[in-house]
Amino acid sequence: MVDTQLNLIRAYVVKGRYKEAIKTLENLISLNPNNLKAYTMLANLYEKEGNIDKAIETLVKVVNIDPEYIPGYKLASLFLL
C-alpha cells in the first residue's frame, strides 16, 4: 500500500499537482507517523509551494524521529541557504 501511494504521489508531482501530492503524503504520514521518506517528500513539496516555514517544521519532525537521517539534514540545508 505504501509503495502504491508513493507512486501516486510521484505522479502528482510530475504533473505539478502539488496540493494533491501534499494531501496524499499527509494521509500516508497519519497512517505511519515514522515514515521519514514521506516527511522528507512533504517538506520538499511545501518548499515548492513557497511555504518554507512549513517545510522546516516538517524537517524538524524528521530530525526528532531519527537524528541520524541524513536526507532530512541535506534538504534542510538547502532551505536555509
Selection from segment 15-39 of residues part of a helix (DSSP H, G or I) and farther than 18 Å from GLY72 by Cβ yields TYR18, LYS19, GLU20, ALA21, LYS23, THR24, ASN27, SER30, LEU31
When you go through GLU68, GLU57, GLU49, GLU26 one by one, which is the residue that is open to solvent by 60 Å² or more (accessible area, probe 1.4 Å), in contact with a Phe, Trp or Tyr (Cβ under 8 Å, 6 or more places away or on another chain) and of a type outside the set (Ser, Thr, Tyr)? GLU49
Check TYR73, TYR46, TYR12 and return the single one that is part of a helix (DSSP H, G or I), of a type in the set (Phe, Trp, Tyr) and at pLDDT below 90. TYR73
Any hit, segment 7-19, residues being among the hydroxyl-bearing types (Ser, Thr, Tyr), without any contact (Cβ under 8 Å) to a residue 40 or more places away in the chain, open to solvent by less than 60 Å² (accessible area, probe 1.4 Å) and out of contact with any Lys or Arg (no Cβ under 9 Å at 6 or more places or on another chain): no
Which count do you get for residues in segment 32-46 that are touching a Ser or Thr at 6+ places or on another chain (Cβ under 7 Å) and open to solvent by 50 Å² or more (accessible area, probe 1.4 Å)? 0
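The values are calculated or read from the model by the stated rules, or taken from the named source; none is laboratory data. Everything numeric here is computed off the predicted structure, so don't read it as measured data. Methodologically, a virtual Cβ is constructed for each residue, glycine included, from the backbone with ideal geometry; neighbour enumeration extends over all protein chains shown. Each accessible area value is taken on the protein alone, full model and side chains, heavy atoms only, with ligands, DNA and RNA left out. Shrake-Rupley method; radii C 1.70, N 1.55, O 1.52, S 1.80 Å.
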